[in-house]
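**Student:** Pasting a structure here, questions to come.
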Amino acid sequence: GAGVSQTPSNKVTEKGKYVELRCDPISGHTALYWYRQSLGQGPEFLIYFQGTGAADDSGLPNDRFFAVRPEGSVSTLKIQRTERGDSAVYLCASSLTGSTSNTGELFFGEGSRLTVL
Amino acid sequence: AQTVTQSQPEMSVQEAETVTLSCTYDTSESDYYLFWYKQPPSRQMILVIRQEAYKQQNATENRFSVNFQKAAKSFSLKISDSQLGDAAMYFCAYRSDNAGNMLTFGGGTRLMVKP
């Protein structure tokens, strides 16, 4: 696609429910990132995929959070037993490569706003 | 671990005037990249400008320029001839030279532009 696409744009759920957030990166981008942005704060790193594998998942806050990227393109962030503190905007970004070269510019989607009641 | 600090929660500028947004960071690394991102109400983070730490020359992109002071670990953004469309949240971000493309963001500065 032309840009990074994230669905749903907004999600309201009840405490304890399971949610899935989807990210469709720019075609051909091998690296994919998930960030969480709480209200009034900067984005915080969650997980980074290089191809199908999670190269770094050190930012996932606990075992209720899990992400997959089975075919090296679309990624799904899964949150089990949601808590009110999970309410945030979840941003996805992709880059052509995961290398540290200057060409590894990140392109962000518009995020999914999750509200847990 | 690296940290990025933006000490100005909000800034205001008159249209056509110049404004400077501050950013400081803490790192023990010598090679890294610094970025300024703009986040409008659409929530999409848009890259404004980037600086490689090994370059002494300050980066410039049209009306946007940076003042990079490596020894002081300071990376400010100057916006010249401010336009109404510049109103947004601005985030300073750090990227290590050896940690993929993962970014560490500051807390952001809300820029308001008065007509």
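The values are calculated or read from the model by the stated rules, or taken from the named source; none is laboratory data. Not measured: the values here are computed from a predicted model. Cβ placement follows ideal geometry from the backbone for every residue including glycine, while neighbour counts extend to all protein chains displayed. Just the protein is used for accessible areas: all its heavy atoms, side chains included, with ligands, DNA and RNA removed. Shrake-Rupley method; radii C 1.70, N 1.55, O 1.52, S 1.80 Å.
**Student:** Report, to the nearest whole %, how much of the accessible area of chain A belongs to carbon and sulfur atoms, 1.4 Å probe, protein only.
**Tutor:** Roughly 49 percent, rounded to a whole number.
**Student:** Compute accessible area for region B:92-115 by itself and then with all protein chains, 1.4 Å probe, and report residues whose area falls by 20 Å² or more.
**Tutor:** Residues meeting the cut-off: B:R95, B:D97, B:G100, B:N101, B:M102, B:L103, B:F105, B:G107.
**Student:** Principal axis extents for region B:43-83, Cα atoms only, whole Å, descending order, please.
**Tutor:** Here the spans come out as 31, 23, 15 Å, largest first.
**Student:** From other protein chains only, count the Cβ atoms within 10 Å of every residue's Cβ in A:32-40, then give the mean.
**Tutor:** For peptide A:32-40, the averaged partner shielding equals 2.
**Student:** In this model, which of B:K70/B:K114; B:K38/B:K70; A:K11/B:K114; A:K17/B:K38; A:K11/B:K38 are farther than 26 Å apart at the alpha-carbon?
**Tutor:** B:K70/B:K114; A:K11/B:K114; A:K17/B:K38
**Student:** Of all the C-alpha pairs in the protein assembly as shown, what % are more than 33 Å from each other?
**Tutor:** Within the protein assembly as shown, distances greater than 33 Å cover 17 percent of Cα pairs.
**Student:** If you take the Cα atoms of region A:1-49, find Rg, then find the Kirkwood Rh from the mean of 1/r over all pairs, what is Rg/Rh?
**Tutor:** Rg/Rh for region A:1-49 comes to 1.00.
**Student:** Using a 1.4 Å probe, what is the accessible area per residue for chain A, in Å²?
**Tutor:** 46 Å²
**Student:** Given 37 °C and 0.692 mPa s, how large is the Stokes-Einstein diffusion coefficient of region A:31-88 in µm²/s, with Rh as the Kirkwood radius over Cα pairs?
**Tutor:** Answer from the Stokes-Einstein relation: 275 µm²/s.
**Student:** Tell me, Kirkwood radius of chain A from alpha-carbon pair distances, in Å?
**Tutor:** About 14.1 Å, per the Kirkwood formula over Cα pairs.
**Student:** How long are the three semi-axes of the equivalent ellipsoid for chain B, computed from the Cα gyration tensor as the root of 5 times each eigenvalue, in whole Å, largest first?
**Tutor:** On the way: eigenvalues 113, 42, 29 Å².
In descending order, the three semi-axes are 24, 15, 12 Å.
**Student:** How much accessible area per residue does region B:18-115 have, in Å², with a 1.4 Å probe?
**Tutor:** I get 44 Å² per residue for region B:18-115.
**Student:** Which FRET efficiency value, to the nearest 0.05, do you get for A:F66 and A:T7 by plugging their Cβ-Cβ distance into 1/(1 + (r/R0)^6) with R0 = 22 Å?
**Tutor:** Here the calculated transfer efficiency is 0.75.
**Student:** With a 1.4 Å probe, what is the total accessible area buried between chains B and A, in Å² rounded to the nearest 100? Don't skip to the end; give the middle numbers.
**Tutor:** Details: alone 6470 and 6350 Å², together 10870 Å².
Counting both chains, the buried surface is close to 2000 Å².
**Student:** Are there trypsin sites (Lys or Arg not before Pro) in region B:1-63 that DSSP marks as loop and that have at most 15 other Cβ atoms within 10 Å, and which are they? Let's see the in-between values first.
**Tutor:** Values: sites: B:K38, B:R43, B:R50, B:K55, B:R63; in loops: B:R43, B:K55, B:R63.
Of the trypsin sites (Lys or Arg not before Pro), the ones in loops of region B:1-63 whose Cβ has at most 15 other Cβ atoms within 10 Å are B:K55, B:R63.
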